[in-house]
Amino acid sequence: MLSDVSLQAYNTFGIDVKSEYFMKIDSEQGLRNIILDDRWKEVNILLLGGGSNVLFTQNFAGLVLLNQIRGIAITKDNDREVHLRVGAGEGWHAFVQYCVDHNYAGVENLSLIPGTVGAAPMQNIGAYGVEVKDVIETVEAISRSDGQLRIFSAAECQFGYRESIFKQRLKGKYFITAVNFRLSKQPDFNISYGDIQKVLDEKPHESLSLRAVSEAVIKIRQSKLPDPAKIGNAGSFFKNPEITLDHFHKLKLNYPTMPGYPTGLGMKVPAGWLIEQAGWKGYREGSIGVHDRQALVLVNYGGGAGEDIKSLAFRIQKSVQDRYQILLSPEVNFI
Ligand code: FAD
Ligand code: EPU
C-alpha cells in the first residue's frame, strides 16, 4: 500500500491529483480482503480501471484500487457460440483483439475503446451501432458493504444508452470483478453505421472479416478522436441528448441543418454539433480546451486542472441550454 500517490499516469485526462492511499489489486479475494478489513471499513474506496472516463477535480481522500484482475476463460463452447468469463482488469481493446483473433464475433465494432473490461458494463460502452449489453450474459460484482459476490443478469444491470444500474442506483456499492460474454462463431456483420462501409470499400479485394471491420473502426476512430497518449481527454464529455419530436421540429425552423436521429420516442441530436454551432470547437483557454476535430471531446494539453475542465464543461452546457433549450448531461464521471 502506498500513500500520497500522484494519479496523473492513471487517468487519460492526465490530471495531476493525489490519492491518499493507493494499491494494485489482482484477485477477487484480494479485493474482498480489503473490503472486510476493519482498517478500510469507513474509507472511501475508488476502483479504477484505465481512468479513461473520469475527471478528477481534487485530491482523492481515500483508497484508490487499480484493477488488475486478469484472465480469460472459456465457459461454454459449441458450433454456434462461445461463452467467455473475463477478469475485470483485462484491457478492453486487448480483449476485442483476442476475440477478433479467435473469430468470436460481437465486439469488433467496439475496437479501440480505452479502459478495462470491468468498466465496460458501467456505462454500457457503445460505438458504431453496437453496445456491450448486446453480448453480456452476466456481470460478477462484489458488494462494498460485505464482500459478498452477486451475479447480475443482463436484465438486472438495467442497461441503457451510456447507463447501467452501476452508474445509477448502485453507484459505488459494487465492484465488478468479471464479465461473462456470449459471442457468436457465425458473424452477423454490422457495417451500416457511419463510415465503416466506406472504409471497407477502399480495399475492394479484401473479403469481409472481423479483422477487416475492426481495422476499419480503428481507422475511423484514429481520424476523429485525439489519442490520450498525446492529448489528455476522456472521449465524449457529454452524452448525445434525446429531445421530443416537437422540440426538434421547433428548433429545425431556426436551425435547418441540425442533424437528428429518430429513437422511437424522440430524436437524438449529436451533442458535438450543438457544441460546435455554439462556437466552442477548437476553443482553448491555457492548458485546456475543446478538441478542434471533435467538439464533444474536452482536452487537457498538459498541466490543466480538473476543476477548470469542469468549469469549462458547465459553461458549454449553459451556452447550449441558452441557445437550444437542451440540457447536456455529462458522460464522464466527476471524482
Ligand atoms: P475508469 O475511467 O477507470 O472508471 C470509470 C468509472 O467506472 C469510475 O467511476 C470507476 O470507479 C468505475 N469503475 C471502473 N471499473 C470498475 C469496476 N470494475 N467495478 C465498478 N466500478 C468500476 N466510451 C464509449 O462508450 N464509447 C466510445 O467510443 C468511447 N471512446 C473513447 C475514446 C477515448 C479516446 C477515451 C479516452 C474514452 C472513450 N470512451 C468511450 C470512454 C471510456 O473509454 C469508457 O467509458 C471505458 O469503459 C472506461 O473504462 P476505464 O477502465 O478507463 O474506467
Ligand atoms: N458533429 C459535429 N461537430 C463535431 C462533432 C460531431 O457537427 O465537432 C456531428 C456531425 O453531424 C457528426 C455527428 O455529430 O455526423 C456524430 O459525430 P461522431 O460520429 O463523431 O459521433 P458522436 O455522436 O460525437 C458517438 C459516441 C462515441 C462513439 C461514436 C461512434 C456518445 C456520447 N459518443 O460520438 O463514444 O465512439 O459515436 O459510435 O454517444 C464516448 O462515449 O466517449 C465516445 C467516444
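Can you pull out every residue in segment 226-263 that is aliphatic (A, V, I, L, M) and closer than 16 Å to Gln325 by Cα? Don't jump to the end; show me each part of the working.
The initial filter retains those residues of segment 226-263 that are aliphatic (A, V, I, L, M), namely 229, 231, 234, 243, 245, 251, 253, 258.
If the condition is that a residue be aliphatic (A, V, I, L, M) and closer than 16 Å to Gln325 by Cα, then Ile243, Leu245, Leu251, Leu253, Met258 are the ones that fit.
Might you let me know whether segment 217-228 holds any residue that is open to solvent by less than 70 Å² (accessible area, probe 1.4 Å), touching a strand residue (DSSP E or B) at 6+ places or on another chain (Cβ under 9 Å) and assigned to a strand (DSSP E or B)? No, segment 217-228 contains no residue that is open to solvent by less than 70 Å² (accessible area, probe 1.4 Å), touching a strand residue (DSSP E or B) at 6+ places or on another chain (Cβ under 9 Å) and assigned to a strand (DSSP E or B).
Count, please, the residues in segment 192-216 that happen to be open to solvent by less than 70 Å² (accessible area, probe 1.4 Å), in a loop (DSSP other than H, G, I, E, B) and away from ligand 1 (no atom under 16 Å from the Cβ). First the steps, then the outcome.
Within segment 192-216, the first condition is being open to solvent by less than 70 Å² (accessible area, probe 1.4 Å), and the residues that meet it are 194-196, 199-200, 209-210, 212-214, 216.
Still in the list and also in a loop (DSSP other than H, G, I, E, B): 194-195, 209.
If we keep only those that are away from ligand 1 (no atom under 16 Å from the Cβ) too, we end up with 209.
Number of matching residues: 1.
Against the definition (touching a helix residue (DSSP H, G or I) at 6+ places or on another chain (Cβ under 6 Å), open to solvent by 30 Å² or more (accessible area, probe 1.4 Å) and not in a loop (DSSP other than H, G, I, E, B)), how does Lys310 come out, yes or no? No, not satisfied. For segment 296-304, indicate whether the set of residues that are without any contact (Cβ under 8 Å) to a residue 60 or more places away in the chain, out of contact with any Ser or Thr (no Cβ under 8 Å at 6 or more places or on another chain) and closer than 23 Å to Phe13 by Cα is non-empty. Within segment 296-304, none of the residues are without any contact (Cβ under 8 Å) to a residue 60 or more places away in the chain, out of contact with any Ser or Thr (no Cβ under 8 Å at 6 or more places or on another chain) and closer than 23 Å to Phe13 by Cα. Scanning segment 256-268 for residues that are assigned to a loop (DSSP other than H, G, I, E, B), within 24 Å of Ile113 (Cβ to Cβ) and within 22 Å of the chain's Cα centre (by Cα) turns up at least one hit. Among the residues of segment 272-290, which ones are farther than 20 Å from Tyr324 by Cβ and surrounded by 22 or more Cβ atoms within 10 Å (Cβ to Cβ)? Answer for segment 272-290, where residues must be farther than 20 Å from Tyr324 by Cβ and surrounded by 22 or more Cβ atoms within 10 Å (Cβ to Cβ): just Ile288. The residues listed here are Lys252, Lys281; of these, the one that is more than 19 Å from the chain's Cα centre (by Cα) and within 13 Å of ligand 2 (Cβ to nearest atom) is Lys281. Just so you know, in segment 147-191 the residues that are open to solvent by 60 Å² or more (accessible area, probe 1.4 Å) and of a type in the set (Asp, Glu) include one that is nearest to ligand 2 (Cβ to nearest atom), and it is Asp188.
The values are calculated or read from the model by the stated rules, or taken from the named source; none is laboratory data. Just so we're clear, the structure is a prediction, and the values are computed from it rather than from any experiment. Cβ: placed from backbone, ideal geometry, glycine included. Neighbour counts: every protein chain shown. In case anyone asks, the SASA skips ligands and DNA or RNA and just uses the protein heavy atoms, side chains included. Shrake-Rupley method; radii C 1.70, N 1.55, O 1.52, S 1.80 Å.
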